[in-house]
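Peer 1: Submitted below is the structure of interest, expressed as structure tokens.
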Amino acid sequence: MSLYQSFAWPVLSRLDPEDAHTLVVRLLAAAQRSPVVLRLLERAYAVRDPRLEVEAFGVRFPSPVGLAAGLDKNAQAPAAFAALGFGAVEVGTITPAEQPGHPQPRIFRLPKDRALINRMGFPNQGAARARARRLAAPRPLPGGAVLGVNLGKGANTPVEDAARDFVAVLDALYDLAGYAVVNVSSPNTPGLRGLQERDALERLLGAIAARRDSLAASTGGRRVPLLVKVAPDLDWEQLGAVLEAIDATHVDGIVATNTTLAREGVTDPRRTEAGGLSGEPLRLRSTEIVRWLARETGGKLPIAGVGGISRPEHALEKLDAGATLVQIYTGLIYEGPTLPAQICRAFLGRRADVR
């Protein structure tokens, strides 16, 4: 049992889940203000090895293990997360203006299922403050980690005007982003998942990609890759329509998957809470989608596999299914800060076995 599970988790688990989340992010934000503390975190947790490097959509990642969106919503601690050994840190979801999200309580632990339910509703302080924070934080990120920006639609923005919000966040953070993710799959913003339908998604991605290309031209040709994050609740026909929209708009990759509305296999009484479920019950479905996407695209579309990764073998499962990168969130909460290193060591061990 790790020090986190022996000492930190018993304390954090007694706190309200959102209070615990806020406390940890604030501590990490404080840690990244000290170069000495960042170096200590790196020495304690990060695994650095050139054999871990992965290239996807024209970006080189120091490792395939990324932090999923949702943990660092306001870009408060990307350098500290990178110091823990993440090869990418995806901040957000960020909307153009500050918004409070849904009423509390809105995060629920399901410890027997190693899962969470959240109905946050994109609470964040807006794109301008996220930009200011990133400019004030260490650059580049420790270990050469890549900053991802998860783009969102404001709660009060009509769905038909969603492109305006996604573009506004892209405008605000383009020069700081290593890649950007169009989040059309959260179940907690009314109407958002409807943007995964073929025609709506093609119009949306086309508008965002056109703006990206314009920004690239005005910034010396630096082209930030665009990805789209999909829901695990789509059927194969719907996922096929997503791939058609991606192909038509030349989007660079896909994140599979967001949280689910399904509760199959969940035993905790809190399973009836409204919101998106993350954690181990989602693992097999998200891996199934990764495998299907990889097969349908002939392995040509980079996939970031996310959902239910709480042990190294879960990450390897996603990579075996066709993912280029993996992302973790809920597993980090239950397993603690050694999880990225455990996954990296498993990856290195496999490479050694292959040789």
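Peer 1: Given the conditions (1) in contact with a Phe, Trp or Tyr (Cβ under 8 Å, 6 or more places away or on another chain); (2) loosely packed, with under 15 Cβ neighbours inside 10 Å; (3) not polar (S, T, N, Q), which single one is not true for LEU319?
Peer 2: So the condition that LEU319 fails would be (2).
Peer 1: If I ask for residues that are charged (D, E, K, R), assigned to a loop (DSSP other than H, G, I, E, B) and in contact with a helix residue (DSSP H, G or I) (Cβ under 9 Å, 6 or more places away or on another chain), which ones from the stretch 303-355 would you list?
Peer 2: ARG311
Peer 1: With out of contact with any Pro (no Cβ under 8 Å at 6 or more places or on another chain) and at pLDDT 95 or above as the only criterion, which of LEU261, LEU293, LEU282 stands out?
Peer 2: Sole residue among the options that is out of contact with any Pro (no Cβ under 8 Å at 6 or more places or on another chain) and at pLDDT 95 or above: LEU293.
Peer 1: For the stretch 282-314, give me each residue that is over 20 Å from PHE57 (Cα atoms) and of a type in the set (A, V, I, L, M, F, W, C).
Peer 2: Hits for the stretch 282-314 are LEU282, LEU284, ILE309.
Peer 1: Additional query: Tell me, which residue of the stretch 104-156 that is surrounded by fewer than 20 Cβ atoms within 10 Å (Cβ to Cβ) and among the polar types (S, T, N, Q) is nearest to GLY279 (Cα to Cα)?
Peer 2: The qualifying residue nearest to GLY279 (Cα to Cα) is GLN104.
Peer 1: What number of residues in the stretch 155-173 are under 17 Å from the mean Cα position of the chain (by Cα) and not aliphatic (A, V, I, L, M)? Please lay out each step first, then the result.
Peer 2: First, pick out the residues of the stretch 155-173 that are under 17 Å from the mean Cα position of the chain (by Cα): 166, 169-170, 173.
Still in the running and not aliphatic (A, V, I, L, M): 166.
Number of matching residues: 1.
Peer 1: Within the stretch 189-205, track down each residue that is among the small types (Gly, Ala, Ser) and under 22 Å from the mean Cα position of the chain (by Cα). Lay out the reasoning, then the answer.
Peer 2: Step one: of the stretch 189-205, the residues among the small types (Gly, Ala, Ser) are 191, 194, 200.
Listed by number, the residues that qualify are GLY191, GLY194.
Peer 1: Only one residue in ASP199, ASP213, ASP233 is assigned to a loop (DSSP other than H, G, I, E, B) and acidic (Asp, Glu), so which one is that?
Peer 2: Exactly one of ASP199, ASP213, ASP233 is assigned to a loop (DSSP other than H, G, I, E, B) and acidic (Asp, Glu), namely ASP233.
Every residue, every condition in (1) at pLDDT below 95; (2) closer than 28 Å to SER286 by Cα; (3) touching a Gly at 6+ places or on another chain (Cβ under 7 Å), yes or no:
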| site | (1), (2), (3) |
| --- | --- |
| ASP171 | no, no, no |
| LEU192 | yes, yes, no |
| THR219 | yes, no, no |
| ARG222 | yes, no, no |
| PRO225 | no, yes, yes |
| LYS229 | no, yes, no |
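Peer 1: Restricting the search to the stretch 317-329, which residues are of a type in the set (A, V, I, L, M, F, W, C) and either under 25 Å from ASP72 (Cβ atoms) or in contact (Cβ under 8 Å) with a residue 60 or more places away in the chain (or both)?
Peer 2: Selection gives LEU319, ALA323, LEU325, VAL326, ILE328.
Quick grid of which residues meet (1) touching a strand residue (DSSP E or B) at 6+ places or on another chain (Cβ under 9 Å); (2) surrounded by fewer than 19 Cβ atoms within 10 Å (Cβ to Cβ):
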{"site": "TYR4", "(1), (2)": "no, yes"}
{"site": "LEU27", "(1), (2)": "no, yes"}
{"site": "VAL36", "(1), (2)": "no, yes"}
{"site": "GLU42", "(1), (2)": "no, yes"}
{"site": "GLU55", "(1), (2)": "yes, yes"}
{"site": "ALA69", "(1), (2)": "yes, no"}
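Peer 1: In the set VAL242, VAL228, VAL255, which member is surrounded by 22 or more Cβ atoms within 10 Å (Cβ to Cβ), within 22 Å of the chain's Cα centre (by Cα) and under 16 Å from VAL167 (Cα atoms)?
Peer 2: VAL228
The values are calculated or read from the model by the stated rules, or taken from the named source; none is laboratory data. Since the structure is predicted, the reported quantities are computational estimates derived from the model, not experimental observations. Cβ coordinates were reconstructed from backbone atoms using ideal geometry, including for glycine residues, and neighbour counts include every protein chain displayed.
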